[in-house]
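In what follows, a structure is listed as structure tokens, so that the remarks can point back to it.
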Amino acid sequence: KTKTNDFHKMVGYQIYPKSFKDSNGDGLGDIKGIIEKLPYLRELGVDFLWINPIYKSPQIDGGYDISDFYAIDEMFGTLDDFQTLLKEAHDLDLKIMLDLVVNHTSDQHPWFIESQKSKDNPYRDYYLWEDASPNQMPNEWISFFGGSTWAYDEKTKQAYFHVFAKEQPDLNWKNPKVCQEIYKMIRWWLDLGIDGFRLDAISHIQKMPWSYKIKSWKGNGPWIPFMNVSGIETYMAELKAIFDEYGALTVGEASGVQSTEAPDWTDESGYINMIFELEHNVRKANDQSQGDTYGYKKVIMRWQEDLLSRGWNALYIENHDQPRSIDTFGNGSIESAKALAVSYMLLRGTPFIYQGQEFGMSNFPFTDSKQLRSDEIIKQYDQLLTKLSEKKALEEVSKNSREHSRTPLQWNDSENAGFTTGHPWMEINPNFSEINRQTNQELIELYKNLIELRHKETAISDGSIHFHFKRHPQVLVYERDEFLIIVNLADKKAHLDFSKIANFADGETINYQQVLGSSNSPFQEKMVLLAWEYRVYKK
Ligand code: ISL
């Protein structure tokens, strides 16, 4: 198989399996639960599913700490179940993409257990060990989850390196044996019949020399020594060779890859099909729980423009690491969720929908620290307790916490929102009788329409993109060849005047038909948009 551009037309759906659907009443979502819901996903119209890690794991980091790359974690089912899922999904023409987590393993992975035993263990060099003492780590680098990137080991008087939790030791990619093991594993899953991978934290696999001194502790400063560091190209090229052999569908989570570098990563000869930018999740300076709309718009425009002639964007407004968009960039209303949907679903790239986003799931109103589930958030909370009251500490950690997006899916208004017949592993949002898959049909319909446009219209799947009113703080306006998309991303009115724009001068004569919209409104040179209004026109 060769690399084709099929993915230009596709729409992905992200499943956080623990919270998607429980089939056996143990309160945890599972593979059979996904199988149950395949008809729903088919009907929605998506083309592939990206499933967050289902491998064997102690679950310190939501399954991103893998202890066996070849086994399905019991909580999700068996390899047989997974093969049934593959078959049933494929029968419905749905592709399956798995998470590929190869920057690190769990500290319970047999390689690490061996590696820890002694300095001369054959697996020692599978990980990154350096001489250290309890109060002198090899350098001052800090991890994404807080604290040093080094964890000291008393027995061997060395420390091992981890960019995430200390239970997630980083693999040593400089060791060819590690690469071979990983490549073997990738082939194993592709041979089993999966369609592709989402490459987790892939830009961190290469590190700078340990002697690198951090120059700024602000922004991305602390991550510079392990974010898209030169030398990574070799590994990426080797990965690409395998992906190409299988015609695998690939999307990279690659923080630190700039919009100007993304074309090299994702064009015809690039390593992967597409890339998620992580920059648009900007928050208002004065309120970390609120999205910065103009910031979002600017990031989107830059990535769209920088990848216009080469490369491909993976588009999203929600995932398992971010709070719900209806509350960050929206105002909690379904109108705002609709505007957000239109704002990104028709851009150039492959859109992803995160479970529950399509029916307006919202942030969780945390009232008790016992409701928190992520290890790293609980640690942050405990840390904050040293200086804040319980109430303030909880408020602080839940501000833009990824916990919000991880609550069980609200399928209907029956007990436990139809997610489980047992006791849910994480509390269900108390708003489930108002917000669920049954109540918010209109939003689902809109998503269906948007997906259909991507499937049918080459202007949307492969056309060019051109932005207007680029400095407007709240309205996003873009042309995709014969299409014109207008979205008001705020809860106040906006005025647009097209008469000064070359192609629109004498706009009244443009023969625009409205394809979608929150109201029926023929195109006019001077228009007033209501709060959260969206309009899609076609010439
Ligand atoms: O934090 C980042 C940038 O500021 C990241 O780029 C980082 O790569 C990203 O948060 C990684 O996330 C992914 O890997 C983590 C896991 O906890 C997340 O859920 C996953 O999406 C570790 O595997």
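Here are a few things to note about the model shown:
- Length-normalised contact order of region 308-386 in % [C-alpha pairs under 8 Å, at least 6 apart]: 34
- Helix 79-91 and the longest principal axis of the C-alpha atoms of the chain enclose an angle of approximately 20°.
- Normalised by 2.2 N^0.38 Å, where N is the number of residues, the alpha-carbon radius of gyration of the chain equals 0.98.
- nm² value of the averaged projected area, convex hull over the Cα atoms of region 181-220: 4.5
- Rel. contact order, % - alpha carbon contacts under 8 angstrom, at least six apart, region 227-344: 22
- Exposure proxy order (Cβ contacts within 10 Å, fewest to most) of SER211, SER401: SER211, SER401
- Neighbour cut-off at most 15 other Cβ (10 Å), DSSP loop, trypsin sites (Lys or Arg not before Pro), region 153-253: LYS155, LYS157, LYS174, LYS213, LYS215, LYS218
- At R0 = 35 Å, FRET efficiency that the Cβ-Cβ distance of LYS370 and THR78 yields, to 0.05: 0.65
- Ranked list, fewest to most other Cβ atoms within 10 Å of each Cβ, for TRP303, TRP188, TRP425, TRP411: TRP188, TRP425, TRP411, TRP303
- Folded to 0 to 90 degrees: helix 334-345 orientation relative to the chain principal axis, Cα: 80
- A run of the chain free of exposed loop cleavage sites, with GluC sites (Glu not before Pro) counted only in DSSP states other than H, G, I, E and B and at most 11 other beta carbons within 10 Å, reaches its longest extent at 269-539.
- Whole-angstrom gap from region 164-218 to region 269-315, using each part's C-alpha centre: 23
- Principal-axis analysis of the Cα atoms of the chain puts helix 375-385 at an angle of about 90° to the longest axis.
- Between region 518-539 and region 111-146, the C-alpha centres lie 58 angstrom from each other.
- 30 Å Cα-Cα reach of LYS155 towards lysines, excluding residues that sit fewer than 8 places from it in its own chain: LYS56, LYS117, LYS119, LYS166, LYS174, LYS177, LYS207, LYS213, LYS379
- By the count of other C-beta atoms within 10 Å, a proxy for reagent exposure, TRP217, TRP223, TRP265 are ordered fewest to most as TRP217, TRP223, TRP265.
- For region 192-198, 3J(HN,Hα) per residue [Karplus equation, 6.51 cos²θ - 1.76 cosθ + 1.60, θ = phi - 60°, Hz, x = Gly/Pro]: 5, x, 6, 9, x, 9, 9
- Rough spin-label spacing in nm, given labels placed 7 Å along Cα→Cβ, for ARG402 and GLU268: 3.6
- Cα gyration tensor shape for region 463-538, rounded if a/c is under 1.5, else prolate or oblate: rounded
Each reported figure results from applying straightforward, stated rules to the coordinates on display, with no laboratory input. Since the structure is predicted, the reported quantities are computational estimates derived from the model, not experimental observations. Positions of Cβ are generated from backbone atoms using ideal geometry, with glycine treated the same way; all protein chains shown enter the neighbour counts.
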